[in-house]
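The structure under discussion appears below in the form of structure tokens.
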Amino acid sequence: MSGVIIGVESTAHTFSFGLVTEDGEPRKSYSALYRPEEGGIHPREAADHHSNLASQLISRLMEEQNIVSNDVKAIAYSQGPGLGPCLRIGANVSRALSDQWKIPLVGVNHCVAHIEIGRNQTGCIDPVLLYVSGGNTQVIARAGNRYQVLGETLDIGIGNMLDKFARTQGLAFPGGPKIEQLAREWHENNPEANVDLVELPYSVQGMDLNFSGLLNAAIQKVNEGFELGAVCWSLQEHAFSACIEVAERALAHSGKSELLLGGGVACNERIREMTRIMCEQRGSVGTWPEKQYCIDNGTMIAELGRRMLETNNSTNLASSGINPSLRTDHTVVTWD
Ligand code: ATP
Ligand code: FE2
């Protein structure tokens, strides 16, 4: 086989090693998810979790993918944005491997990696990315040599909102998939339901969004006695409509005609359906990668590392430090 690039992802809950071949063919990722015993993420505990699993995950990848160290041409890792203690584990492991195997190190922007794996997988060329994950909710499009943020959440990420709501209802992390299931089951039994049945706030300001008000109102509705499935359904309808509205505005403003979904919430069938409908109506193309490439994964980090290496864009030790608040538009796009 041709050489491979390994990617290491460790921005938050997920610790993942993945790879792409030098020609950009992705392979599966080897991942572990830190699940807090109670409450939200505890950065130090998550970092311990990642640190304990590093050698096990990389050994499995090498064994199952039939790779020896000589096959590995470079190692890419998430430099940010994310939680400092978690990012540091991925960066340290990557520096150690780069040193041991004498191969280039490539620090990458996690948000940009979601775009590049989406382009790799779907064949879209110049999309608007609707990036909906736990920590991030952004609408992004390329302008010149940057990916610009056209709109974003002003408070919490949409996935974080779903996880928090789920937690108040005794549903374990990650809450998004469970809310999706409850909403779907409820809607199958109530196909005629109107979105005003469980009234919730809808908050879009230009191309920005926010989700805290929606979260609190949904909790309130359950407390008032509304059925949990009905609240989950209405919560999804409101939150996803807001994202789709902003995405549509971004398409109109940027003049682009492809909408790409990325991030863990893009696994949701309802947001995919809304994307399909909106794009069909305006003659645009809505697209998304397989679920394994929507959620955080090492493969997407490897793919962005590969694209950066094509333009000799690697990272020397002195600039290999993590950057928890790295912005999407900070990264200069040197590749096509
Ligand atoms: P980032 O660092 O990009 O913010 P993240 O750490 O939140 O990413 P992801 O794997 O991208 O990690 O996303 C996880 C989020 O996706 C969680 O909030 C989870 O509840 C949500 N999610 C996963 N599957 C679904 C689904 N089917 N429907 C809705 N939300 C989902
Ligand atoms: Fe992510």
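The values are calculated or read from the model by the stated rules, or taken from the named source; none is laboratory data. These figures come from a predicted structure and were not determined experimentally. Neighbour counts run over all protein chains shown; Cβ positions are idealised from the backbone, glycine included. When the accessible area is computed, the model is the full protein with side chains, heavy atoms only, and any ligands, DNA or RNA have been set aside. Shrake-Rupley method; radii C 1.70, N 1.55, O 1.52, S 1.80 Å.
Among the residues of region 104-155, those identified as among the polar types (S, T, N, Q) and within 16 Å of ligand 2 (Cβ to nearest atom) are 109, 120, 121, 133, 136, 137, 138, 153.
Residue 236 satisfies every condition listed in (1) exposed (fewer than 15 other Cβ atoms within 10 Å of the Cβ); (2) within 25 Å of residue 294 (Cα to Cα) except (1). Of all residues in region 252-275, exactly one satisfies the criterion of being under 21 Å from the mean Cα position of the chain (by Cα), surrounded by fewer than 24 Cβ atoms within 10 Å (Cβ to Cβ) and more than 16 Å from ligand 1 (Cβ to nearest atom), namely 258.
Once region 200-224 is narrowed to residues that are out of contact with any helix residue (DSSP H, G or I) (no Cβ under 8 Å at 6 or more places or on another chain), open to solvent by 60 Å² or more (accessible area, probe 1.4 Å) and not in a helix (DSSP H, G or I), the residue that is modelled with the lowest pLDDT is 205. Of all residues in region 215-227, those satisfying the criterion of being hydrophobic (A, V, I, L, M, F, W, C) and out of contact with any Phe, Trp or Tyr (no Cβ under 8 Å at 6 or more places or on another chain) are 217, 222, 226.
Evaluating residue 216 against the criteria (1) within 16 Å of ligand 2 (Cβ to nearest atom); (2) without any contact (Cβ under 8 Å) to a residue 24 or more places away in the chain leaves one unmet condition, (1).
When you scan region 162-170, do you find a residue that is within 16 Å of ligand 2 (Cβ to nearest atom) and under 21 Å from residue 274 (Cβ atoms), even just one?
In the first step, residues of region 162-170 are kept if they are within 16 Å of ligand 2 (Cβ to nearest atom); the result is 162-163.
Restricting the remaining residues to those that are under 21 Å from residue 274 (Cβ atoms) gives 162-163.
Scanning region 162-170 turns up at least one residue that is within 16 Å of ligand 2 (Cβ to nearest atom) and under 21 Å from residue 274 (Cβ atoms).
Among the conditions (1) buried (at least 22 other Cβ atoms within 10 Å of the Cβ); (2) within 13 Å of ligand 1 (Cβ to nearest atom); (3) farther than 18 Å from residue 106 by Cβ, residue 30 misses just one, which is (2).
Confirm whether residue 19 is farther than 16 Å from residue 100 by Cα and open to solvent by less than 10 Å² (accessible area, probe 1.4 Å).
It is true that residue 19 is farther than 16 Å from residue 100 by Cα and open to solvent by less than 10 Å² (accessible area, probe 1.4 Å).
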